[in-house]
1. Would you calculate, for the chain, the mean residue ellipticity at 222 nm contributed by helices, counting each DSSP H stretch of 4 or more residues as -39,500 (n - 2.57) and dividing by all residues, to the nearest 500?
2. Less than 14 Å Cβ to Cβ from G52, Lys/Arg counted +1 and Asp/Glu -1: what total charge do the surrounding residues give?
3. Rounded, prolate or oblate, given the Cα gyration tensor of the range 30-106, with a/c below 1.5 counting as rounded?
4. Filter the GluC sites (Glu not before Pro) in the range 31-127 to those in DSSP coil with at most 10 other Cβ atoms within 10 Å of their Cβ, and list the result.
5. Let me know the shape class of the range 89-163, please: from the alpha-carbon gyration tensor, a ≥ b ≥ c as square roots of the eigenvalues, rounded when a/c is under 1.5, otherwise prolate if a/b is greater than b/c, or oblate.
6. Taking the Cβ of A30 as the center, what net charge do the other residues with Cβ under 14 Å away carry, scoring Lys and Arg +1 and Asp and Glu -1?
7. Give me the net charge for the shell around A143: Cβ to Cβ below 10 angstrom, other residues only, Lys and Arg +1, Asp and Glu -1.
8. Given Y159, N29, Y129, which one lies farthest toward the positive end of the charge dipole of the range 25-163, if we put +1 on the Cβ of every Lys and Arg and -1 on the Cβ of every Asp and Glu?
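Readers should treat all values here as calculations from the given coordinates under stated rules, not as data from a laboratory. Here the structure is a predicted model, which is why all the values come from computation and not from measurement. FYI the Cβ positions are ideal-geometry reconstructions off the backbone, even for glycines, and counts take in every protein chain you see.
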Amino acid sequence: MDSFTFPYQQYLHSELPDEMQELVTAAGNATQRAYAPYSDLKVGAAVLMADGTILTGANQENAAFPVGICAERAILSNIHLSDETKIKAVAVTYSADNKQTDKPIAPCGMCRQAILEMQHRQHSPIAVYMCSPKGLVIMVENAEFLLPFAFGNDDLPAYKPQV
Ligand code: THU
């Protein structure tokens, strides 16, 4: 039997390097901009670009449920990648009135797929920081680790790389 293993690191918020503390804090602040009247789960995400810029987003739900968008993809859809503007890391966290737990939140499958395609497009790894409101953080250095056996553009015969 073959197996798939991957490294991850667990931190307390206070143990993170300053730049990453700032990123996780930005994701936490972004939860205040969530619109989550149906799930009551306010998700905040923050993206750190290679030049140090931090972008943030929050989930936006809709009465027609599938119309809603996750925090992570709300940001990613607004990023223009280039050789000068690459993504270094994505952090995701949450707040919920009835759910202040120590369990870090992880990107959903659709967001993992979206993050991974950005990683492939920019040809450099994106670290993912999965955080709890109480300050526990699980970090993987490469988005690939969160989506083994991923579907990707090499599965599509008609795919043409974009410049
Ligand atoms: N959600 C996110 O924003 N990101 C994820 O990766 C997981 C789920 C949101 C979508 C929905 O508004 C709420 O959490 C409950 O699923």
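1. -6000 deg cm²/dmol
2. Details: positive: K86, K88; negative: D18, E19, E22, D51, E84.
Residues close to G52 contribute a combined charge of -3.
3. Working: a/c = 3.04, a/b = 1.63, b/c = 1.87.
Judged from the Cα gyration tensor, the range 30-106 comes out oblate (a/c at least 1.5, b/c at or above a/b).
4. Numbers: sites: E61, E72, E84, E117; in loops: E61, E84.
Listed in order of number, the matching sites are E84.
5. On the way: a/c = 3.09, a/b = 2.47, b/c = 1.25.
Prolate shape, in that a/c is at least 1.5 and a/b is the bigger ratio.
6. Values: positive: R33, K42, R73; negative: E22, E72.
Within the 14 Å Cβ shell, the charges total +1.
7. Working: positive: R112; negative: E117, E141, E144.
That sum, taken over residues with Cβ under 10 Å, equals -2.
8. The residue sitting most towards the positive pole is N29.
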